[in-house]
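What follows is a single structure, written as structure tokens, with notes after it.
The values are calculated or read from the model by the stated rules, or taken from the named source; none is laboratory data. Worth saying up front: this structure is predicted, and the values here are computed from it rather than measured. Don't worry about glycine lacking a Cβ; one is built from the backbone with ideal geometry, like all the others, and counts go over all protein chains shown.
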Amino acid sequence: MSDLFSSLTIRGTTLPNRVVVSPLCMYSAIDGMPQPFHFAHLSSFARGGAGLVFTEATAIVPQGRITPQCLGIWNDQQAAAIKPIVDFIKSMGMVAGIQLAHAGRKASTAAPFHGAKPLLSDHPDSWQVVGPSALPVAEGFPMPHELSVSEINELVSAFVDAAKRSIDCGFEVIELHGAHGYLMHSFLSPISNQRTDEYGGDLTQRMRFPLEVTRAVRAAIGDDIPLFFRISAIDGLQGGWTLDDSVVLSQQLADAGIDVVDCSSGGIQGAPRFRINDDGSPLKQSSAREPGFQVPYAQRIKDETSLKSMAVGVIIDPHQAESIIKNNEADLVALGREIMYDPFWPLHAAQTLNADPDFDLWPPQYKWAVDRREQIRKQR
Ligand SMILES: Cc1cc2nc3c(=O)[nH]c(=O)nc-3n(C[C@H](O)[C@H](O)[C@H](O)COP(=O)(O)O)c2cc1C
């Protein structure tokens, strides 16, 4: 009996298994609108058997996009355009989730395959980036506009509007993006938040904006929809956000209406990189990228809070994924690059784990033929 292929019910949504497609920006939208590529991309994971398929970071306002080609849900036209993708994922028996995001001071950049550089004010596609404080991400990044309290309140409302649109077009899980140096993470981390008002200062004040967003979104979507929150469990920088901070935040997120904490890390000063441990000791790049390197974060959140947790980061092997769930290190595993490499990873993993000997998890359109293929293979 496979634990990876056991179902999980959270509030009113049942995930058929524990394999999740991590949010993956494709930098292929036009004016925030999904394109045929998005349909092909996301639908392949549903056909491939992932129980929960997340959209890429989907911006709640135009200025919240990472690149001009990022997906958005700040208007009804965008929501209507994404609905067929949601419908298809459901038709495969899988669950569609949306990651709602604002890129904050890391917005207005070029796509990775166009160099990933910040688009500065002389670039025709650039826009003014915003953050908790007027502190750029790093050298070469634009100076953010420091958000006023009324602008912060407007962004809380924009998250709420985006969440309502997401529910209206059929998403059954919502994730709030609070990681990777984007807007909510930049409020949490003392590296990027040096405000002197009620949204900055000690941990309680730095948590205020993400918690306000969470409470407001939970109130707007009702009790049935699972709400996830992606954290960067550590900044990995001296004086930055720590794992202990993540435990405190998670406890408060639970009270605010979060069900699952999705445990990533890094990104406050550019690409997610890990330079030091919480105790200040050096952390080698190579060890940081080992399989399952972020699983201990998910385990700590699961062990020390009432929340469920999701592990992500270099989860490659079906046995590795199975043991994370079996050993109670996390409730869900999210895959990024591995499932891009093999969108049918879940169905293939079920074969490896002997969880689906008769190909029952495959879409019926494929099952009968794949079954025959197997007979032929065995006869050879
Ligand atoms: C192409 C690509 C796009 C990504 N886009 C997002 C995103 O939109 N939101 C997010 O939270 N993380 C994003 N990530 C991070 C992934 O969700 C995931 O956390 C990371 O790739 C580690 O998992 P992996 O080792 O299985 O790839 C992206 C990663 C990749 C490779």
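Within the bounds of region 229-252, is there any residue that is at pLDDT below 95, hydrophobic (A, V, I, L, M, F, W, C) and within 16 Å of the ligand (Cβ to nearest atom)? No, the conditions are met nowhere in region 229-252. Restricting attention to region 166-193 and to residues that are in contact with a Pro (Cβ under 7 Å, 6 or more places away or on another chain) and assigned to a loop (DSSP other than H, G, I, E, B), the residue that is surrounded by the most Cβ atoms within 10 Å (Cβ to Cβ) turns out to be S192. One residue is enough: does region 364-380 have a residue meeting the conditions within 12 Å of the ligand (Cβ to nearest atom) and modelled with pLDDT of 95 or more? No. So for region 194-211 (the condition being within 29 Å of T9 (Cβ to Cβ) and in a helix (DSSP H, G or I)), does at least one residue qualify? Looking for residues that are within 29 Å of T9 (Cβ to Cβ) and in a helix (DSSP H, G or I), one finds at least one in region 194-211, hence yes. When the residues of region 290-300 are filtered to those that are surrounded by fewer than 20 Cβ atoms within 10 Å (Cβ to Cβ) and either polar (S, T, N, Q) or within 22 Å of L347 (Cβ to Cβ) (or both), the one that is nearest to the ligand (Cβ to nearest atom) is P291. Scanning region 297-333 for residues that are within 12 Å of L4 (Cβ to Cβ) and in a helix (DSSP H, G or I) gives P318, H319, Q320, A321, E322, S323, I324, I325, K326. A residue that is within 16 Å of the ligand (Cβ to nearest atom) and surrounded by fewer than 16 Cβ atoms within 10 Å (Cβ to Cβ) occurs nowhere in region 120-136.
Return the residues of region 301-311 that are out of contact with any strand residue (DSSP E or B) (no Cβ under 6 Å at 6 or more places or on another chain) and either surrounded by fewer than 20 Cβ atoms within 10 Å (Cβ to Cβ) or aliphatic (A, V, I, L, M) (or both); say none if nothing qualifies. Across region 301-311, the qualifying residues are D303, E304, S306.
G64 meets all of the listed conditions (1) under 23 Å from L4 (Cα atoms); (2) buried (at least 20 other Cβ atoms within 10 Å of the Cβ) but one, namely (1).
This table checks each residue for (1) within 14 Å of V19 (Cβ to Cβ); (2) surrounded by fewer than 22 Cβ atoms within 10 Å (Cβ to Cβ).
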{"site": "G313", "(1), (2)": "no, no"}
{"site": "E322", "(1), (2)": "yes, yes"}
{"site": "A330", "(1), (2)": "yes, no"}
{"site": "T352", "(1), (2)": "yes, yes"}
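Taking (1) in contact with a helix residue (DSSP H, G or I) (Cβ under 6 Å, 6 or more places away or on another chain); (2) more than 24 Å from I10 (Cα to Cα) in turn, E374 satisfies each apart from (1).
Does A349 qualify as being over 13 Å from L4 (Cα atoms) and away from the ligand (no atom under 13 Å from the Cβ)? No, not satisfied.
Select from region 17-67 the residues that are within 13 Å of the ligand (Cβ to nearest atom), within 30 Å of Q351 (Cβ to Cβ) and among the polar types (S, T, N, Q) and list them in ascending order. Listed by number, the residues that qualify are S22, T55.
Within region 28-60, the set of residues being surrounded by fewer than 20 Cβ atoms within 10 Å (Cβ to Cβ) and part of a loop (DSSP other than H, G, I, E, B) comprises S28, D31, Q35.
Annotation: of all residues in region 75-111 being among the small types (G, A, S), part of a loop (DSSP other than H, G, I, E, B) and buried (at least 23 other Cβ atoms within 10 Å of the Cβ), the one that is nearest to the chain's Cα centre (by Cα) is A103. Within region 7-21, can one find any residue that is over 30 Å from Q128 (Cβ atoms), of a type in the set (G, A, S) and surrounded by fewer than 21 Cβ atoms within 10 Å (Cβ to Cβ)? Taking every residue of region 7-21 in turn, at least one turns out to be over 30 Å from Q128 (Cβ atoms), of a type in the set (G, A, S) and surrounded by fewer than 21 Cβ atoms within 10 Å (Cβ to Cβ). Looking at E172, E151, just one residue is of a type in the set (D, E) and in contact with a His (Cβ under 9 Å, 6 or more places away or on another chain), and that residue is E151.
Only one of the numbered conditions (1) out of contact with any helix residue (DSSP H, G or I) (no Cβ under 6 Å at 6 or more places or on another chain); (2) small (G, A, S); (3) assigned to a helix (DSSP H, G or I) is not met by A163, and that is (1).
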